Structures are given as C-alpha cells and as structure tokens.
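Below: the structure, in structure tokens.
The values are calculated or read from the model by the stated rules, or taken from the named source; none is laboratory data. Please read these numbers as outputs of a predicted model, since none were measured by experiment. Every residue, glycine as well, gets a Cβ built from its backbone with ideal geometry; the counts of neighbours run over all protein chains shown. Ligands, DNA and RNA are stripped out before the accessible areas are found, and what is left, the full protein with its side chains, is counted by its heavy atoms. Shrake-Rupley method; radii C 1.70, N 1.55, O 1.52, S 1.80 Å.
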Amino acid sequence: MTAKLLDGNVLGQKLRANFKQRAEELALLGTRPGLAVILVGEDPASQVYVRNKVNACAQAGFHSEKHAYPAEVDPATVFAKIAELNSDPKIHGILVQLPLPKHFDSDAVLDAIAPEKDVDGFRAENVGALMQGQPCFIPCTPYGAMKFFEDAGIAVKGKEAVVVGRSNIVGKPMAMLLMHAGATVTVCHSQTRDLKGHCLRADILVAAIGKPKMITADMVKPGAVVIDVGINRLPDGKLCGDVDFEAVKEVASYITPVPGGVGPMTITMLLGNTLESAERAARA
Ligand code: NDP
C-alpha cells in the first residue's frame, strides 16, 4: 500500500486564503492583524524561519515587524522591546524565535509577553488553559498537525495515538490535543522501554524527536496515520524528518512529508492565532 500524502503546502494555502479574507474584512473595521517577531543571534535556521514568517504575513495582508539583535545583546534590551510591543495597538501577536542564546532565561522572556499576544501559546496561562480544554492560543505546530485530521476526515475519537517526544512546544501539547479529540494517548521519550512495541500499537503515530529517519517501517502498524514533525538537516544539506518516509509510506495509510508537511502548517497556524488575537482586540 502507498500512503496518501498529507500535504502541508496545499492545506496551508487553503487555510491562508480564508485568513486573508478575514484579515480584509477586519481591515474594513480599521484593524490590520500585526505580528512582531524577535530574533536574537545569527543562527541560520532561525533566520530562515523568521524570514518565512514575515513573508507569510505579507502574503496574508498582515502587518509584521522583525526586531533583530546580535547574540551578545543585553537581555534588558529585549525585555524593553517586549514591554513596548505589549502596549502597541498595531501588534496582536509577539513571537520570540527560539532558541535564545545561553545568557537568556528563555522562560522569563516568554513570560514577559502579554498573555493576549502570546500567539505561540508557550506561556503558562496558555499551557494551563490548553490542559483544561479552555479557549487559548494553541501552540502552532501541534495545532497545524491536528488540522490534517480535520481536513482529510481522519477520525481521532477512540483511536490509539502514540506521540514520540515530550517537549513543551510539540510533544506535550500534541498529546493534549489528541486526548481532547478523544484518542487514547501514549507519550514516548528517550527513557521509554520498547519504543517499537508502543509505536506498533498506534493508529496515529506522531514523531517529534529530532533524529533523522528514526521511525522505520517495522515500527509502524499497517494503515496507521503518520505525522512527522521532525526537521533534520542531513550532511548533504537536504532536510529530512524523523520518519523513514520512503519505507513508511508503503505501510501507512496517510503520511506527512518533510519538507512540505507539518512545517508550512506551523506558519499557517501562527497566522491563524495572530488573526484570532486581532479579531478579539477589534471586538473588545
Ligand atoms: P526536543 O529536543 O525538545 O524534544 C525531543 C524529544 O524527543 C524529547 O522528548 C526526547 O526525550 C525525545 N527523544 C530523543 N531521543 C529519543 C529516542 N531515542 N527515543 C525516544 N524519544 C527520544 O525537540 P522538539 O520537540 O523541539 O522538536 C522535535 C523535532 O521537531 C525537531 O526535529 C524539531 O526541529 C522539529 N520541529 C519542527 C517544527 C515544525 O514546524 N515542523 C516545529 C518545532 C520543532 P527526552 O524528553 O527524554 O529527552
């Protein structure tokens, strides 16, 4: 069997067309959704991610600002900028590109963002609300992954879901969203015994590990839906996921490619969260 492709570029464009239209409607009421991105340091991957986010804003008709600082910047400068953006009515979402240099306390930086502008959903208030099933900003990567199920009509309720990875930004919120959607969820990590045994039970398998091609075909139940969050750069410069795509696509029923799967959906949901924030501000 060859799996159906869950294409993040196609789904992302579809959702972004809707966001663009909503942004135009909002503009008629005098509000243009605005995102501010803070970048510290010269990490090439972060620079690419930030550029993509700023370009995506422009295409959707959003206002965007990039505030870039050298790696050795005094954290006080960044805190001051966040405080300024928190009270700037043009800005509805603030994103600090991670990772930050070592002399920064990343949690303190994220906590400095006003909760109503925390479009990445990383602040404790948003994490708690997500856990309680309350309205909140859902972290963009797992939010984007969930959209694939909705769009392709893949039922989640009652399914066995296995999430490999337990980070705060991907694994944990992904598990929470799957649980809210009615799946029975197992979270695996580096201390898990018999990873393969867990994976083989999964109707829905999410890989968020950061290890190239770690999920091999013999770890996947025939007909499973496989979501590959991983983005890894191989020595030849090419990108690949955490899933051995070529082999696993012969076993799975659906699979996301890397690149072109979860990645574009992350940016799409960042736009979605920024738009929601702007809509809320316009209603207030
Ligand atoms: P982290 O490094 O924070 O977390 C990785 C997780 O994988 C940890 O929970 C770790 O376990 C687990 N892990 C590591 N080795 C193993 C192993 N051998 N067996 C089982 N579990 C293991 O990464 P992130 O969650 O931030 O990102 C994961 C991947 O997703 C990366 O490739 C990243 O680039 C990508 N990513 C992609 C995004 C997108 O837009 N598509 C957005 C964000 C991330 P433990 O907790 O025990 O250490």
**Message:** under 23 Å from GLY34 (Cα atoms) and open to solvent by 30 Å² or more (accessible area, probe 1.4 Å): is that true of PRO70 in this structure?
**Reply:** no
**Request:** Among residues belonging to the range 153-180 that are open to solvent by 40 Å² or more (accessible area, probe 1.4 Å) and more than 13 Å from the ligand (Cβ to nearest atom), point out the one that is nearest to ASP218 (Cα to Cα).
**Result:** GLU160
**Asked** Filtering the range 106-137 down to residues that are open to solvent by 30 Å² or more (accessible area, probe 1.4 Å) and within 16 Å of the ligand (Cβ to nearest atom), which residue is nearest to the chain's Cα centre (by Cα)?
**Response** PHE122
**Asked** So which of THR256, THR216, THR266 ends up being among the polar types (S, T, N, Q) and open to solvent by less than 10 Å² (accessible area, probe 1.4 Å)?
**Response** THR256
**Message:** Taking the conditions exactly as written (over 25 Å from ASP120 (Cα atoms) and in contact with a His (Cβ under 8 Å, 6 or more places away or on another chain)), does THR184 satisfy them or not?
**Reply:** no
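Looking only at the range 81-108, which residues are out of contact with any helix residue (DSSP H, G or I) (no Cβ under 6 Å at 6 or more places or on another chain) and farther than 24 Å from ARG32 by Cα?
Step one: list which residues in the range 81-108 are out of contact with any helix residue (DSSP H, G or I) (no Cβ under 6 Å at 6 or more places or on another chain), which gives 81-90, 95, 98-99, 101-103, 105-108.
Within the range 81-108, LEU98, PRO99, PRO101, LYS102, HIS103, ASP105, SER106, ASP107, ALA108 meet the criteria.
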**Message:** Can you find, within the range 1-44, the residue that is nearest to the chain's Cα centre (by Cα) among those that are open to solvent by 70 Å² or more (accessible area, probe 1.4 Å), modelled with pLDDT of 95 or more and within 24 Å of ALA252 (Cβ to Cβ)?
**Reply:** ASN9
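Inside the range 186-210, can you point out the residues that are more than 6 Å from the ligand (Cβ to nearest atom), farther than 27 Å from ASP107 by Cα and open to solvent by less than 60 Å² (accessible area, probe 1.4 Å)? Give the steps one after another, and end with the answer.
Restricting attention to the range 186-210, the residues satisfying the condition of being more than 6 Å from the ligand (Cβ to nearest atom) are 186-187, 193-194, 196-207.
Then keep just the ones that are farther than 27 Å from ASP107 by Cα; that gives 193-194, 196-205.
Once the filter is applied, which keeps residues that are more than 6 Å from the ligand (Cβ to nearest atom), farther than 27 Å from ASP107 by Cα and open to solvent by less than 60 Å² (accessible area, probe 1.4 Å), the range 186-210 yields GLY197, HIS198, CYS199, ALA202, ASP203, ILE204, LEU205.
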